[in-house]
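Chemist: Here you go, one structure.
Values quoted throughout were computed directly from the atomic coordinates according to the rules given, and no laboratory measurement underlies them. Small disclaimer: the values here were computed from a predicted structure and weren't measured. Quick reminder, even Gly has a Cβ in these numbers, built from the backbone with ideal geometry, and neighbours come from all protein chains shown.
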Amino acid sequence: MDSSADAVWGEVEIKGTRPLFVASIYRHTDSDPTSMEQFNSVVDKLNDTTPNAVITGDFNVPSVDWASLTVNNNPQYGHSVNQVVLDMAVHNG
């Protein structure tokens with residue numbers, strides 16, 4: 001899968017079931033949302049073909065309030081980056 005975010009992907013195959021894709025992501029600490037927008041496109045393509053995926057990692061969005069699903073005022077790394085990651089998480093559950 002192509003994305004400028006650092007990512008490690010693996011595929012777990014268990015006989016008689018669909019493969020499980022596992023990813024660990026690291027988003028660099030900057031305010032450019034491009035890598036997360038690209039990664040979101042990768043996840044959308046993955047969802048179209050393989051609904052079984054677990055994605056974890058360090059997305060570096062400390063300004064997302066996960067309890068209220070909002071971005072705090074004056075967010076670290078800018079509003080765009082935080083919002084893109086939040087939207088991706090909400091959209092993909």
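Chemist: Give the residues of the stretch 13-45 that are surrounded by 17 or more Cβ atoms within 10 Å (Cβ to Cβ) and either touching a residue at least 60 places away in the same chain (Cβ under 8 Å) or part of a loop (DSSP other than H, G, I, E, B) (or both), sorted by residue number.
Modeler: Arg27, Pro33
Chemist: Which ones in the stretch 46-69 are touching a residue at least 12 places away in the same chain (Cβ under 8 Å) and among the β-branched types (Val, Ile, Thr)?
Modeler: Thr50, Val54, Ile55, Thr56, Val61, Val64
Chemist: Would you please name the residue that is surrounded by the most Cβ atoms within 10 Å (Cβ to Cβ), looking only at residues in the stretch 56-93 that are among the charged types (D, E, K, R) and under 19 Å from Ser35 (Cβ atoms)?
Modeler: If we take residues in the stretch 56-93 being among the charged types (D, E, K, R) and under 19 Å from Ser35 (Cβ atoms), then Asp87 is surrounded by the most Cβ atoms within 10 Å (Cβ to Cβ).
Chemist: Related question: Identify all residues within the stretch 45-78 that are farther than 17 Å from Val90 by Cβ and of a type in the set (Ser, Thr, Tyr); write none if there are none.
Modeler: Correct list: Thr49, Thr50, Tyr77.
Chemist: Quick one: how many residues across the stretch 57-76 are part of a loop (DSSP other than H, G, I, E, B) and closer than 20 Å to Ser41 by Cβ?
Modeler: Within the stretch 57-76, residues that are part of a loop (DSSP other than H, G, I, E, B) and closer than 20 Å to Ser41 by Cβ number 3.
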